[in-house]
Every structure is written in structure tokens, then in C-alpha cells.
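Structure record follows, encoded as C-alpha cells.
The values are calculated or read from the model by the stated rules, or taken from the named source; none is laboratory data. Just so it is clear, the model here is predicted, and its values are computed rather than measured. All Cβ positions, glycine included, derive from the backbone under ideal geometry; neighbour counts span all protein chains shown. Ligands, DNA and RNA are stripped out before the accessible areas are found, and what is left, the full protein with its side chains, is counted by its heavy atoms. Shrake-Rupley method; radii C 1.70, N 1.55, O 1.52, S 1.80 Å.
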Amino acid sequence: MSQDWTRATAYDIREAVKSGAVRAETVTQAYLDRIAAVENQVLAYNEVWNDHALAMARAVDAKIAQGEDVGPLAGVPIGLKDLICTTEGRTTCSSKILANYQSPFDATCVERLRAQGAVFLGKLNMDEFAMGSSTENSATHQTRNPFNLECVPGGSSGGSAASVSANECAFSLGSDTGGSIRQPAALSGCVGLKPTYGRVSRWGLVAFASSLDQIGPLTKDVRDQALALNAICGHDPRDSTSAPLEVPDFTACLEGGVEGLTIGVPKEYFTEGLGDEVRGKVEAALNVLRDSGAKTVEVSLPHTSYAVAVYYIICTAEASANLARFDGVRYGYRHPEAKDMREMYVLSKSEGFGPEVQRRIMLGTYALSSGYYDAYYLKAQKVRALIKRDFDRAYEQCDVIATPTTPTPAFKFGAKTDNPLEMYLNDIYTISLNLYGGPGISVPCGQSADGLPIGFQIMGKVFDEAAILRTAYTYEQRSGVKLAAPELAAS
Amino acid sequence: MEFETVVGMEVHVQLDTESKCFCPTSTDFHAPPNTNVCPLSLGLPGTLPVLNKKAVEYSVMVGLALNCEISRWSKMDRKNYFYPDLAKNYQISQYDLPLCHGGWIEIETSAGKKKIGITRAHLEEDTASNTHEIGGGFSGVDFNRCGIPLLEIVTEPDIRSAEEAYAYLTALKQILQYLGVSDCNMEEGSLRAEANISVRPKGSEEFGIKTEVKNVASFSGVQKAIEFEVARQIKVIGEGGTLVQETRGWDADRGITFSQRTKESAHDYRYFPDPDLMPIVVDEAWENELRERLPELPAARRARLEEQYAIPPYDAMVLTLSKGVADYYEAAAAAKADPKKAANWIMGDLQALLTEAKQEIEDCKVTPDNLAAMITLIEDGTISGKIAKEILAEMFASGKAPKAIVEEKGLVQISDTGELEAIVREVLAGNPAQVEQFKAGKDRVVGFLVGQVMKASKGKANPQMVNDILTKQLKAL
């Protein structure tokens, strides 16, 4: 029997490994072979850990051989976005300033995944410090969209999305500050979920914007989301913003259908700027859910038009402080020609950070500056409260909110790099959710005429991941939409 | 023109918690450089702060002791600036909502008692320490200190003289030590004081241009720095010059202040709420719980000691300067020592021994029980006060009980009349000149003769009895 394990879901791999139908090492080797075959076209990884992955897989096999308990992710090979700290390999954030940085500790989610038997394949490319929507801001290289190698995979978790769609891992972890999981999942044709802020510990996640960042999985289907979330969610005393709440078994939340569920459809999301193809596929997706017994109601999120502006003030302000620590004093890049302390700072940062990161640090510094704080940062916080209130009010009328994930499918390399504002607008449907704090999932709902994936976003109330998982799972089952990237020629 | 001094103080106190303000790492910064560090104290990416509850409790206790209002809701902010001793290049501090605000402290100077307003007390983290003495043209940074909790206590500009500033610092330190929240060691930097100093024409309501004097290593240094700075400012004004708002350092060796940094180069710290930390909520129940945990504070204890033990106000003041001494005193009194005598011994001989040995009373080998026992030995006539001084020194050195020393060295007082009469006779026979002087009416020689008797008895003679016997024999001559 020659099953291609790289096309299997994490769930199927886990079942097969646990039952002894296949060795974890065999599965991991299959993924490593797949990476060797297609990675020169996709370029999803910053670093692949051949030996480490095989050692982890063999450890799982050894446990099984001795009849020991292996976790619910036994032998599942996964990839990690390169801003999640790992003691193995480097943690570069796809930045020159951390090009050789090795973390002395594992992120909480990494510890938890390891404890559940997952196998780590390596670190995935991203926009530098998660700032971007196309992964073109990586200091290392450009990751390609497996559905069309001339297009971007989305970002900032572009490597995380592309690796899943190209079957270079069973699932991956990304991080979502303004859409950085959901947008690349939509553009690259996989399932991406941003959990509620506080659901997943941020210990070991290199901070971009602390009040918005959240780690989440990118998977091949919705059931794998539940499996991955079960592993990474839960209170962590090392993160003060992590919620001390019980976490339900998400795999038990999938079934049950959407009969009686009310889906809010915000009118502000279906206006000018939404591409026709995306609109058509999203409306078709809503029909599938209606046919499955859900009710849809029009809701209003009246402050939606301010979300992008509010987001870019808050995230840049927080980033300007979060990234101050990269100064060449203790670790990371230090300019070799700096002659004094001031030059060490100026030259190390000017050379170590790419242009988008520098732009955001300057924007944030400006927004916090004396005399501007009230007009920018404080005002933005006030509008953020209004945006939160929009969601609270909308959820009085509905259980979940459904929208497109992005206005258009994936775009070509360089198409938006000259105009940062146009790039920022690609996150217009995903940003509000981070400002609100609730969970959101993007599931594939079809392809454009050019064969590019289109994403359907379902957002939930805070800590109600169960509702969006059940809605997305029902949609996935009923619609029969299952995207597969075109065959990539083996090198 | 006559000028008035206006001073406001900023004091940074390291809180004596076991672990740092935002991580579980030890606060012991005597350890070899960069050994009490962790990913958080080094500002490594991916780390997050978790607020030390004890640091909040200590801060609130200080606030309560300083009669402050405790904020029901406060938050931590990020203060942004670049310096190698600041691992994250921002310091977690409190900006517009300090934990404690609006209090006062009572001080006492030669002019009497006075209240100094406390503007605020807020919690923040200490920085690392830089050293420029590692050689090779390099500077070193020791992150052991980075993240130790600091409480910054700021006064109103209520202080009107260098002496008041000294009294303020003394009173504050006393309270902090009573609370047991800091060792207040200025030399080691666990208490750092900065003075904002200005002068204005007497009667004026407006403040003059202030200078901030930093890095002073002692309270008396602060007093001297203020005296110098006030005189300097008055001189500049008198000569028609203009003062600049600036930070000045204190050169203790030369006794002068010197310019360090002017206002133009001041930072824009871009404070904003730290999104990694939750708001700090101190509800009424928690505040009350902490209020109940407050020990008796210096002023209250001083009043109680004065009344309970019927000792003079001065004694009560000296004995309550440090909590350790007050505890020691009360323990001795509880062991049945005469309260006034115990006060005298502690303030006098024992304090002298401690000062000479550079020891704190907490480390003293003379237990309060043994001191009380020694005083009782004097009372019941077993030893003389003079011998007691010797015995105390021995107790101080060895920690032995006074009775054991008395027996070991045969220091029991001679109170036998016959024996004493014999010694007196010998002394009088040996000092005919002094006897003649006495006969000529010079009473003062009695003191000399008593001294000779004590000497002859190796200090063991009962002084009262010697006096009596000597007077009797002289008169009989």
C-alpha cells in the first residue's frame, strides 16, 4: 500500500500512528521527502529540521512500541511560524536583525505540542516581524502561493499557509495580529483560525502588537483545527493576558449542524471594494448554511470604516516599544562599524530592520509622541472601544458573523509593494476582529476563474470558538468544497 | 534680598521581595554579575512580564503608612528610552495612575514638627547596572539588578531647608524599615534620593528655576548638597545671572554640585499603558487586609514607649529610631529589666559597642534577656556598675550570660564591711598628702580616694559602701 501521507489530515495521521498502521517516522520521512521535492518552488520554510524531526518521530514510535501513552497529535508533522520561540534551530522573525538568534526557551504552545506528540519539521517564512500581508517583507526570501507560483501566499503567515496547501506539513502554527492567519489561509486555500485574544498563551511569541497578537493553527480542514486548538489553548501563568478559563474539547464541538443558528451578515462588509468573484462565492457559502438550517440576518458594524486607521495606530504604537529591544546590545545584529553607543543603535537598527518595519516603528513612535498622543493613540483607543461595542451589539442579534476574508484573491508579486496603503486594505475584513478580540476562522469557499482560492470568514463571540468551528465544519461538510493545489513538479 | 529654599524629594526604594518585579528570578544582586538573570530580565524576544503580587502589597503598605489614598484601579505603563542598562529599551513603570497618592509624613526638626505632603508612590522596575571598569575599552552591563521592584516616592515641594530634607529622609527610612519592605541601604543603592531644589524671594508664591541633584550616597550628603545648591543659586541670582533647569551631580569629595544634563536634552518618554499587563485592582477588602498587616509605626510606638515605660521623650525617640532597637528594648523590659536603666544601657554602652563593631542590634550577641539579667545583678548589688561595663563587653564578644562571666572571673562585688574597711585603711595610710588636704577642707579629694579604693579592690568594691566607710574614717581622723 502506498498511501501519500502528505495529503492526509492530522486527524488521519494521528489515528494511523496510534493504531500502529504506520510508523511516525514513515510519515515524517514522507513530509521531509515532499519538502525536498517541492520546496524550491514554494519556498515556505526558513529552516527545515530533518534530523530533529526524525528523532522526534522515532521517540513517538518508541513510546508506542513500549505501550506508553502518546498524545492526541502523535506523529503529526507540523511547521512553526518563525516568530514562535524554539530551542531547536533559530527564531529569526524573517528579519536580518535576528538572523542568527537562537532562543533559550520554547514557547508555551511549542511545549504543549511537543507534549502531545507532534513532530516539528522546521520554521516557516513570514513577513518580517509579522508586518505585512504578502510575505514579501521577509528578509530571507519570497514564499510562493502553491495555487499559482507567480502570486503571493498572503501574509504575514505566508509560509504557514503555503506549507499546508503544498502538503509540506500536516498543519502549521501562525500568528494573527490583523488577519495574518486568516488572510493567507484564504489566499492559499487552507483553513486558518485566530482564537480569542487570551485563549492561547503568547509566552514565546515574539511580540508585534501585544494587545492584538494571537497564535493560531492553519490546517487542511476544520476538524484538524479542533485538534490543534485542543493542544495549544488554555491558561498559562506566564502570560498575564491569558484567560484563566476552562477550554472545551473542540473536537466534540464540530457536529450538531447549524439548525437554529443565526448568522449575522454585516452590511459594511459587502460594499464597494469587494470583488465580484469573492462576493459570489461568499453568497453561495451563505446559501449553503441557510440550506443547512441557519438563519441569516443583516447586522451593522457601523465603525468598520475606522478599523484600518485605528489598527495602524495601535499596532504601530505597540510595535515601536516591542521592537525597541532589538538594539544589538545583548543579542541579534550589531553593526560592525559602529563607533559609539548612539551609532550602535542607529546603524544596527537601520541595517537590521527592513523598510516596512522601520516605517511602522516610526509611525508608532510618532503616534505616542508628546503632543500627538491624545490625537492619535488615545483617540484610536476610544474608537477601538466603539468597534468592540459594534460587535457586542451585533451579537445581541446573532450567534456568529459571516463575511469574506479578503476583498480579492491572491495578487501577483510586487503588485502592491509600492503602495503600503493598498496593501493595508487587504486586511480590511480581518482587522476589526482583532480590535474586538473574538475568534475568527477562514475556510475555503471556492476558486476564482484563475483558479485562485477564495476564503469565507466566520467570526464569533469572545471565547466562543465552538460556534465558529461548528459553523465552519457544517459548511465544509455540506458544501463539498475542497481545494487542492495543482501538482507541483518534483524537482 | 532674603531667599526661601524650596525642595521636593524623589526617593527610589528597592522593595525587598524574594523575586523580581515581573519574573521569578531572585533579587539577590550580590551574586556574580549576570547570574540572577532570566530571559525576561535580559529582554529576550517572546518573554512576558507577570506582576509580583508581593511588590504590590509592599507598595500599598508603604502608601498606607504614608497616609496615602490607594488607587482602586491603576495600571502599568511603558516608559520608552534607549540605554544599554534597560533590557527592553522601555521601563515598566506607572505614569498617570500611581498605586498610591495624596499622603503625608510627619517630620521633626529643631523647629518642631511639620507635615510633608506625599504626591505619589508608584511601582516600577529597576534597571541593570553599567560598569566602565572592566577594561579593554569596553563597558559591562550586569542584569542582576534589572527588574528588581522599585517604589518611587515623590513629595510635594514642601521642604524648606536642608535640615528638613534630612529629617524627611530619616523619617521615611524609619517607616520603610518598620514595614520591613526594604533594607534601605544607600551605599548599595537600595535607597536612592534625588532633590529638586529651587529658591525664591521670601514671601513669593512662584517657584524659582529648579535643579535636580542626583546620585548622592548618604542622607548627610543630601543635606550638604542642598546647602551648597541653595547658596549657589542665590549667588547666581545675586550676580544677576540666570539659572537653568538641569540635572546636577554631587561630588562628595569636593563638596560641590556640577552640571550633568540640561532640560533641552530631556526625553520624550512616550508613556503608554503596557498591553502585556492587566490593570491592578486593589479593592477595599485587600486594602483593609494590608492595613491590618501594618506593624506599629514609629510615631505611635514612640508615644507608647514613653507612656508604658515612663521614660523621657528623648529616650523614647532614640529607642524607636530603628525597629530593631525598639524591639530589643521592649524584650529587655519584658525580661524584668528596670525600664529606665535598660534604656540607658542600650542607648549608651551597648550602642557604643555596636558602633565600634559596625554591627546592627539584630546581630548582637547580647540577648535582651542577658542584658536584663545584667541589670538585675547591678540592682541586687552582686556587681558594680563599673564592673558591669566590663561584663557587657565580654557578653558582647562571647555571647555568654552575665552570671557565668561574673563567676568565671570572680567579679562579684565586695560588700563585706570588714573587708572594705581594711582596704580603706590601707588606702588612707598610703595617701597621707590627700588626707592632709581633706583635713584642710578640700572635700574634692574624697573622689580621688574612692578611686584609689576601687583600684585597690580591682573595681569590685561596692562603690556606695566605699563612700560611706571612707567618709566615716576620714571624719574620725
Check your understanding: Is there a residue being assigned to a loop (DSSP other than H, G, I, E, B), touching a Cys at 6+ places or on another chain (Cβ under 9 Å) and touching a residue at least 40 places away in the same chain (Cβ under 8 Å) anywhere in the range B:154-165?
Key -> no
**Study point:** Qualifying position, being part of a loop (DSSP other than H, G, I, E, B), within 24 Å of residue B:131 (Cβ to Cβ) and either touching a residue at least 12 places away in the same chain (Cβ under 8 Å) or open to solvent by less than 40 Å² (accessible area, probe 1.4 Å) (or both), among B:13, B:37, B:50
**Key:** B:37
Practice item. State whether one or more residues within the range B:204-223 are of a type in the set (Ser, Thr, Tyr) and closer than 16 Å to residue B:4 by Cα. Key: yes
**Study point:** Residues (among the acidic types (Asp, Glu) and surrounded by fewer than 19 Cβ atoms within 10 Å (Cβ to Cβ)) located in the range B:154-193
**Key:** B:156, B:163, B:183, B:187, B:188
Review point. Residues in the range A:260-273: is at least one outside any loop (DSSP other than H, G, I, E, B), in contact with a strand residue (DSSP E or B) (Cβ under 9 Å, 6 or more places away or on another chain) and within 14 Å of chain B (Cβ to nearest Cβ)?
Key: no
Practice item. Of all residues in the range A:357-373, count the ones that are open to solvent by less than 20 Å² (accessible area, probe 1.4 Å) and within 23 Å of residue A:418 (Cβ to Cβ). Key: 3
**Study point:** Within the range B:21-34, considering residues that are more than 14 Å from every other protein chain (Cβ to nearest Cβ) and either over 28 Å from the mean Cα position of the chain (by Cα) or crowded, with 20+ Cβ neighbours inside 10 Å (or both), the one modelled with the highest pLDDT
**Key:** B:27
**Study point:** Complete set of residues in the range B:141-153 that are closer than 14 Å to residue B:91 by Cβ and open to solvent by 20 Å² or more (accessible area, probe 1.4 Å)
**Key:** B:145, B:152
Exercise for review: Take the range B:205-216 and flag every residue that is in contact with a strand residue (DSSP E or B) (Cβ under 8 Å, 6 or more places away or on another chain) and either open to solvent by 40 Å² or more (accessible area, probe 1.4 Å) or closer than 21 Å to residue B:121 by Cα (or both).
Suggested key: B:206, B:207, B:209, B:210, B:212, B:213, B:214, B:215, B:216
Review point. For the range A:59-78, does any single residue satisfy the condition of being touching a residue at least 24 places away in the same chain (Cβ under 8 Å) and within 14 Å of chain B (Cβ to nearest Cβ)?
Key: no
Review point. Looking only at residues in the range B:219-256 that are loosely packed, with under 15 Cβ neighbours inside 10 Å and of a type in the set (Ser, Thr, Tyr), which one is farthest from residue B:187 (Cα to Cα)?
Key: B:242
Exercise for review: Only residues that are farther than 17 Å from residue A:156 by Cα, acidic (Asp, Glu) and either within 14 Å of another protein chain (Cβ to nearest Cβ) or open to solvent by less than 10 Å² (accessible area, probe 1.4 Å) (or both): list them for the range A:205-226, please.
Suggested key: A:224
**Study point:** Residue match in the range A:111-120 (condition: farther than 23 Å from residue B:44 by Cα, more than 14 Å from every other protein chain (Cβ to nearest Cβ) and not small (Gly, Ala, Ser))
**Key:** yes
**Study point:** Test: residue B:407 is open to solvent by 80 Å² or more (accessible area, probe 1.4 Å), assigned to a helix (DSSP H, G or I) and within 28 Å of residue B:369 (Cα to Cα)
**Key:** yes
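Determine, yes or no, whether residue B:47 is more than 14 Å from chain A (Cβ to nearest Cβ), within 28 Å of residue A:105 (Cα to Cα) and touching a Pro at 6+ places or on another chain (Cβ under 8 Å). Break it down into steps so the answer makes sense when it comes.
Values: more than 14 Å from chain A (Cβ to nearest Cβ): no; within 28 Å of residue A:105 (Cα to Cα): yes; touching a Pro at 6+ places or on another chain (Cβ under 8 Å): yes.
So residue B:47 fails the test.
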**Study point:** Of all residues making up the range B:313-338, the number that are closer than 23 Å to residue B:378 by Cβ, surrounded by fewer than 17 Cβ atoms within 10 Å (Cβ to Cβ) and in contact (Cβ under 8 Å) with a residue 12 or more places away in the chain
**Key:** 3
Practice item. Give B:172, B:191, B:179 a once-over and let me know the one that is touching a residue at least 60 places away in the same chain (Cβ under 8 Å), closer than 22 Å to residue B:67 by Cα and under 10 Å from the mean Cα position of the chain (by Cα). Key: B:172
Point to revise | strands (runs of 3 or more DSSP E) fully within the range A:137-252 counting 1 or more residues that are within 18 Å of residue A:322 (Cβ to Cβ) | key: A:171-176, A:214-219
Check your understanding: Where residues in the range B:257-284 are modelled with pLDDT of 95 or more and open to solvent by 70 Å² or more (accessible area, probe 1.4 Å), which of them is farthest from residue A:434 (Cα to Cα)?
Key -> B:284
Check your understanding: If you check residue A:305 against the conditions, is it under 24 Å from residue A:388 (Cβ atoms), surrounded by fewer than 15 Cβ atoms within 10 Å (Cβ to Cβ) and touching a residue at least 60 places away in the same chain (Cβ under 8 Å)?
Key -> no
Check your understanding: Could you say which residue among A:357, A:346 is within 24 Å of residue B:39 (Cβ to Cβ), within 14 Å of chain B (Cβ to nearest Cβ) and either touching a strand residue (DSSP E or B) at 6+ places or on another chain (Cβ under 9 Å) or not polar (S, T, N, Q) (or both)?
Key -> A:357
Revision key, fill the gap. When the range A:479-491 is checked residue by residue, the ones that are within 29 Å of residue A:401 (Cβ to Cβ) and surrounded by fewer than 16 Cβ atoms within 10 Å (Cβ to Cβ) are A:480, A:482, A:484
Point to revise | Subset of the range A:395-438 (residues that are within 30 Å of residue A:150 (Cβ to Cβ) and either of a type in the set (Lys, Arg) or open to solvent by 40 Å² or more (accessible area, probe 1.4 Å) (or both)) | key: A:408, A:412, A:413, A:415, A:416, A:417, A:418, A:419, A:421, A:422, A:425, A:428
**Study point:** the range A:183-204 - residue that is open to solvent by less than 10 Å² (accessible area, probe 1.4 Å) and within 13 Å of chain B (Cβ to nearest Cβ) and, of those, nearest to residue A:82 (Cα to Cα)
**Key:** A:204
Point to revise | Subset of the range B:195-236 (residues that are assigned to a strand (DSSP E or B) and either touching a Cys at 6+ places or on another chain (Cβ under 8 Å) or of a type in the set (Lys, Arg) (or both)) | key: B:200, B:214
Review point. Considering only residues of the range A:309-343 that are part of a helix (DSSP H, G or I) and away from chain B (no Cβ under 12 Å), which is surrounded by the most Cβ atoms within 10 Å (Cβ to Cβ)?
Key: A:311
Point to revise | helices (runs of 4 or more DSSP H) lying entirely in the range B:237-343 (those with 1 or more residues that are more than 14 Å from chain A (Cβ to nearest Cβ) and over 27 Å from the mean Cα position of the chain (by Cα)) | key: B:284-293
